[in-house]
Amino acid sequence: MKNEAMKRKTGKRRKTQEGLLEALSQEKQLSPQKINEILNEIKKTDMSRVIFKNSQMYKYFPKYYSTEQMKEEIIELLEKESKRKERQRKREEKKNGYGCVFSYY
């Protein structure tokens, strides 16, 4: 239900933006700057969230998991991965001599 509502909202937003482009065009007020503003607004709204279908998520989680449990576990895994990559980056810097060693002449 929630996904359907989000799809309708996104569809309405795009139709509204398409209508705005069409109206500006008919009024001869459509400029490259206006087009960029409208396209940038579309990009901002598309980047505000990541959406997965339940079928995609349940491949990796038990069926009894709530969406909140999935979200918490995903965030925990991302945090662990981020820390692992940071440790790896530091090891590489140390190995290549790019650590925090300063020398003054």
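The values are calculated or read from the model by the stated rules, or taken from the named source; none is laboratory data. Note that the structure is predicted; figures quoted are calculated from it, not measured. Cβ sites come from the backbone with ideal geometry, for glycine too, and all protein chains shown count toward neighbours.
A few points about this structure:
- Annotation note: Cβ proximity below 7 Å between a residue of the stretch 24-39 that is of a type in the set (A, V, I, L, M) and a residue that is assigned to a loop (DSSP other than H, G, I, E, B) and at pLDDT below 85 (sequence gap 6+ or interchain) occurs for Leu24/Leu30.
- Meets criteria (touching a helix residue (DSSP H, G or I) at 6+ places or on another chain (Cβ under 8 Å) and at pLDDT 90 or above) for Met57: no
Each row is one residue, and each column tells you yes or no for (1) among the basic types (Lys, Arg); (2) modelled with pLDDT of 90 or more.
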site: Gln29; (1), (2): no, no
site: Met70; (1), (2): no, yes
site: Ile74; (1), (2): no, yes
site: Leu78; (1), (2): no, yes
site: Arg84; (1), (2): yes, yes
site: Phe102; (1), (2): no, no
